[in-house]
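The values are calculated or read from the model by the stated rules, or taken from the named source; none is laboratory data. For clarity, every value in this text was computed on a predicted model and none was experimentally measured. Cβ: placed from backbone, ideal geometry, glycine included. Neighbour counts: every protein chain shown. Protein only, heavy atoms only, side chains kept; ligands, DNA and RNA dropped before computing areas. Shrake-Rupley method; radii C 1.70, N 1.55, O 1.52, S 1.80 Å.
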Amino acid sequence: MSAFAIKIIAFIFMLGDHLQVLFPHAVPIWVRYLGRFSFPVFAYFTSVGMKKTHSREKYMFRLFCLAAVTEIPYDLCFGQPIDFLDKMNIVWTLLWGAAVIYVLTVNTDKILRALYALCLLTAGCFLGLDYGVYGVLLITAYYFFPEKRQTAAATVFIFTIKWLGYIYPFGFFTLFWFFSCLGFALPCLYNGEKGKEPKYMFYFLYLGHILVLLAVKGIIEVFT
């Protein structure tokens, strides 16, 4: 399956997840569980992007611009205080993962590379990144362990560590963990082909769907 097809599926799952969060009485909870399939896809293709891009710096700058422009609409949409350091949109996590990959692969001393990466990971523990430092580690793992079995193992291992304290007793977070662990399924379908993906399409889709959801939420609040 091409990257374009997989990203479209992941976007649909993400949209459903956001709709369930905003309109829980209208959208069933199982839609939110299916939303767990989306982040591993975005994480995986961030690692692929860092391998295939002609300029890593420009690639990371585009992620930064998208994250920064989206943050205020994202906070307003999900009823959060406007804060660039807490409960940040998912693109910040993708950017942070890309940054860790960058410093680990830059042409410099190995000790310095490890130190830079450690600093980024430590900072990620204190920022309000979506999926936290675990999301950053997943992106990094996908980069260095790209084989399908490795992708599956990294997904299950990292999400098990993340959700370990919530798996038992059985409940909402148990299913969150279960579906998160299955998130390797879509990346493992990748056939290496990009597909007919318009340039920057998903950048606009991500920002656009947040703006549309914010508008719909505002209209509903006015008339109810």
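Structure notes:
- Charge dipole magnitude, Cβ of K and R +1, D and E -1 - the stretch 1-155, Cα centre, debye nearest 20: 600 debye
- Prolate/oblate/rounded label for the stretch 23-85 (Cα gyration tensor, a/c 1.5): oblate
- Taking a straight line from the alpha carbon of LYS51, these aspartates and glutamates sit under 17 Å away, with near neighbours fewer than eight places off in the same chain left out: GLU147, GLU193.
- Calculated mean residue ellipticity, 222 nm, the chain: -23000 deg cm²/dmol, from DSSP H runs (n ≥ 4) at -39500 (n - 2.57) each, averaged per residue and rounded to 500.
- Loop-resident sites, the stretch 61-95, for chymotrypsin sites (Phe, Trp or Tyr not before Pro), counting at most 15 other Cβ within 10 Å (DSSP): PHE84
- For the chain, the ratio of Cα radius of gyration to the globular rule of thumb 2.2 N^0.38 Å stands at 1.01.
- Percent accessible area from carbon and sulfur atoms, the chain, protein chains only, probe 1.4 Å: 72 percent
- The GNM of the chain, with springs linking C-alpha atoms under 10 angstrom apart, assigns the highest mean-square fluctuation among PHE144, PHE126, PHE170 to PHE170.
- Placing unit charges on the Cβ atoms of the charged side chains and taking the dipole of the stretch 65-191 about its Cα centre, the candidate lying farthest along the positive direction among CYS181, VAL136, PRO146 is PRO146.
- Residues LYS51 and ASN107, FRET efficiency given R0 of 25 Å [Cβ-Cβ distance, rounded to 0.05]: 0.95
- Anisotropy class of the stretch 88-149 from Cα gyration tensor, a/c 1.5 cut: oblate
- Comparing VAL100, GLY124, PRO81 along the charge dipole axis of the chain, the residue lying farthest to the positive side is VAL100, per the Cβ-charge model.
- Measuring gaps between exposed loop sites in the chain (GluC sites (Glu not before Pro); DSSP loop; at most 16 other Cβ atoms within 10 Å), the longest gap, sites not included, is 1-146.
- Among TYR203, TYR166, the order of accessible area from largest down is TYR166, TYR203, computed with a 1.4 Å probe on protein heavy atoms.
- Most fluctuating residue given options LEU15, LEU118, LEU129, as computed from a GNM of the chain linking Cα atoms under 10 Å: LEU118
- Gyration tensor (alpha-carbon) shape descriptor, the stretch 123-204, a/c threshold 1.5: prolate
- Among the lysines of the stretch 81-224, pairs at least eight places apart or on separate chains and with Cα atoms under 30 Å apart come to 10.
- Extension gain for the segment CYS65 to PHE204, taken as residue separation times 0.36 nm less the Cα-Cα distance, is 48.9 nm to one decimal.
- Computed over the chain with a Gaussian network model linking Cα atoms closer than 10 Å, the most mobile of THR53, THR155, THR140 is THR53.
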